[in-house]
Amino acid sequence: MRLTEYDDIGEFAALAFVVIFGMVVWATVAEQRLAAFTRDPAGARAQTLARRAAARTTVRTLLVTLRPTRRLITIPWVACAAALAILTVGVLTGVTRQFDAVTLPWFTALDTPGVGHLTARVLVMGGQFWLVGTAATGVAVWRGIQQRNVRPVVVTGAAMVVMSVSIWLLKVLVGRTAPRGGANTVLAGGHSYPSGHAATAVVCLALAAALIARTPHTRRWLLPLASAAAGVVGVCTIVLGYHWVTDVAAGWAAGSILAIPAIRWLGRYPATRPRTSPTPPSGESRKARGIA
């Protein structure tokens, strides 16, 4: 694996930490279960069967809760899917090559030495998965604890996992070279199309905004703000010469394809669970309890 300035070194370190931490947790649980099985084989076997039944019930409940409906497939979703398909075909066939060659200098001219370059380098961090992904995960966990429900964590985690896998597959299949390489070729082992920074910014920032918003009114101005921030991140990747214009446009489209249904799934659950006040006992109940 070759790490360069563009590669997400923080994401690689975070992934390594998660793998090592998971192995430690698995070894600890396995050791505890082995000790319990040694002490009481029959009891340990019964507990294992009960855990499996509970896990199956939880999975069925989640599948029913997160089952897509026709409401999730909206006109914006169809538009983003069509845009991604058209851009992918255009990049593979070379139709967009002239457009990218003409438009790229418009943005790279903004990469002035000093404050301009430093500002772009800071703003592009909004597309770093290890940074905004961690922030979105933290907000999802906080909202899940507040709601006493796993939906925010499951929806956010699933959206980020699907995004990472799909973007990686597109990068490998298209194999487009980045502008800094001096050539605009496809199927050449590059990883420029689509922009992972743009897709990550759209998904993570939009989900974080949807999770933070407590009312529909707050969501109506937080989501456009998150979209504008994702737009700034994508533009900065072009300014710094990381991506072609069509790379960023495809990243925005790919991120929107996942963010739109995820936000709708999150919106189908109340911001907080109402606490039910205890019902005062009726007259018959008071007599049954011996209350005068």
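The values are calculated or read from the model by the stated rules, or taken from the named source; none is laboratory data. Computed from a prediction, not measured in an experiment: that's the story for all the values here. Ideal geometry is used to build each Cβ from the backbone, glycine not excepted, and the neighbour counts take in all protein chains shown. The accessibility values were calculated without ligands, DNA or RNA, using every heavy atom of the protein model including side chains. Shrake-Rupley method; radii C 1.70, N 1.55, O 1.52, S 1.80 Å.
When the helices (runs of 4 or more DSSP H) confined to segment 82-194 are screened for residues that are of a type outside the set (A, V, I, L, M, F, W, C) and under 16 Å from the mean Cα position of the chain (by Cα), those reaching at least 3 such residues are found at 134-147, 151-174. Being at pLDDT below 80 and open to solvent by 100 Å² or more (accessible area, probe 1.4 Å): is that true of Arg33 here? It is true that Arg33 is at pLDDT below 80 and open to solvent by 100 Å² or more (accessible area, probe 1.4 Å).
Filtered by the rule that a residue be modelled with pLDDT under 75 and open to solvent by 80 Å² or more (accessible area, probe 1.4 Å), segment 1-30 gives Met1, Arg2, Glu5, Ile9, Phe12, Leu15, Phe17, Val18, Phe21.
Only one of the numbered conditions (1) in contact (Cβ under 8 Å) with a residue 12 or more places away in the chain; (2) under 25 Å from Val232 (Cβ atoms); (3) surrounded by fewer than 17 Cβ atoms within 10 Å (Cβ to Cβ); (4) not hydroxyl-bearing (Ser, Thr, Tyr) is not met by Gln128, and that is (3). Out of everything in segment 65-81 that is assigned to a helix (DSSP H, G or I) and at pLDDT 65 or above, what residue ends up being surrounded by the fewest Cβ atoms within 10 Å (Cβ to Cβ)? Among those that are assigned to a helix (DSSP H, G or I) and at pLDDT 65 or above, it is Ile75.
All conditions in (1) among the hydroxyl-bearing types (Ser, Thr, Tyr); (2) surrounded by 10 or more Cβ atoms within 10 Å (Cβ to Cβ); (3) at pLDDT below 85 hold for Thr108, with the sole exception of (3). Check segment 147-161 and report whether any residue there is at pLDDT 85 or above, over 15 Å from Leu266 (Cβ atoms) and open to solvent by 60 Å² or more (accessible area, probe 1.4 Å). Checking segment 147-161: at least one residue is at pLDDT 85 or above, over 15 Å from Leu266 (Cβ atoms) and open to solvent by 60 Å² or more (accessible area, probe 1.4 Å).
Answer with yes or no whether Arg121 is surrounded by fewer than 24 Cβ atoms within 10 Å (Cβ to Cβ) and closer than 30 Å to Thr58 by Cα. I'd like the intermediate steps shown before the answer.
Numbers: surrounded by fewer than 24 Cβ atoms within 10 Å (Cβ to Cβ): yes; closer than 30 Å to Thr58 by Cα: no.
Against the criterion (surrounded by fewer than 24 Cβ atoms within 10 Å (Cβ to Cβ) and closer than 30 Å to Thr58 by Cα), Arg121 does not qualify.
Okay, residues lined up against (1) of a type outside the set (Ser, Thr, Tyr); (2) in contact with a strand residue (DSSP E or B) (Cβ under 6 Å, 6 or more places away or on another chain); (3) closer than 14 Å to Val124 by Cβ; (4) open to solvent by less than 40 Å² (accessible area, probe 1.4 Å):
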| site | (1), (2), (3), (4) |
| --- | --- |
| Ala199 | yes, no, yes, yes |
| Val203 | yes, no, no, yes |
| Ala206 | yes, no, no, yes |
| Ala230 | yes, no, yes, yes |
| Cys236 | yes, no, yes, yes |
| Ser256 | no, no, no, yes |
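Restricting attention to segment 204-247, the residues being within 30 Å of Gly94 (Cα to Cα), over 17 Å from the mean Cα position of the chain (by Cα) and not small (Gly, Ala, Ser) number 13. Residue pairs whose Cβ atoms lie under 6 Å apart, separated by 6 or more positions or on different chains, with the first residue in segment 170-186 and under 13 Å from Leu92 (Cβ atoms) and open to solvent by less than 50 Å² (accessible area, probe 1.4 Å) and the second in a helix (DSSP H, G or I) and among the polar types (S, T, N, Q), do not occur.
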